[in-house]
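Values in this text are rule-based calculations from the coordinates and carry no lab data. None of the values given here were measured: they were computed from a predicted structure. In this analysis, Cβ positions are derived from the backbone assuming ideal geometry, glycine residues included, and neighbour counts consider all displayed protein chains.
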Amino acid sequence: MKLDAAAVWCLSLMLGCMAGIAFAADTPPVATDPHAAVFAESNFPSASACASCHQKVFSEWSASNHAYASISPMFHKFEQAVNDLTSGTIGH
Ligand code: HEC
């Protein structure tokens, strides 16, 4: 049997949907999410709330430039410049 491009595309779409449904069925219920307690306390938890379980990643991150990005005067100056250049059309 020879399949044309449309049939192959349609078959791929069907298989993709079936895989998506199978994945959704395997997703554990929210009650088993190890993060439920952290996010029950706050929608924007401090990074230190993550450290108890993710100590290595927290240690690496806390000494990185990324940890200081949101308190960096340079970061805010660049962000302000982009905001000014785009007339605030980047989501602010
Ligand atoms: C109570 C322990 C606990 C706390 C606190 C916790 N986590 Fe997790 N986290 C886990 C566990 C266990 C997994 C693995 C879950 C899985 O694979 O289903 C995980 C997985 C993750 C993943 C996915 C990693 C991957 O490779 O897929 C991310 C991202 C993550 N956590 C971020 C955070 C952040 C951000 C915080 C703080 C706001 C946090 N976690 C706090 C236990 C915790």
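Rounded to the nearest 0.05, what FRET efficiency is calculated for TYR68 and HIS35 with R0 set to 22 Å and r the Cβ-Cβ distance?
Given R0 = 22 Å and the Cβ-Cβ separation, E is 0.35.
Taking θ = phi - 60°, what integer Hz values does the Karplus form 6.51 cos²θ - 1.76 cosθ + 1.60 yield along region 58-69, in sequence order, with x for Gly and Pro?
4, 4, 5, 5, 5, 9, 9, 4, 4, 4, 9, 4
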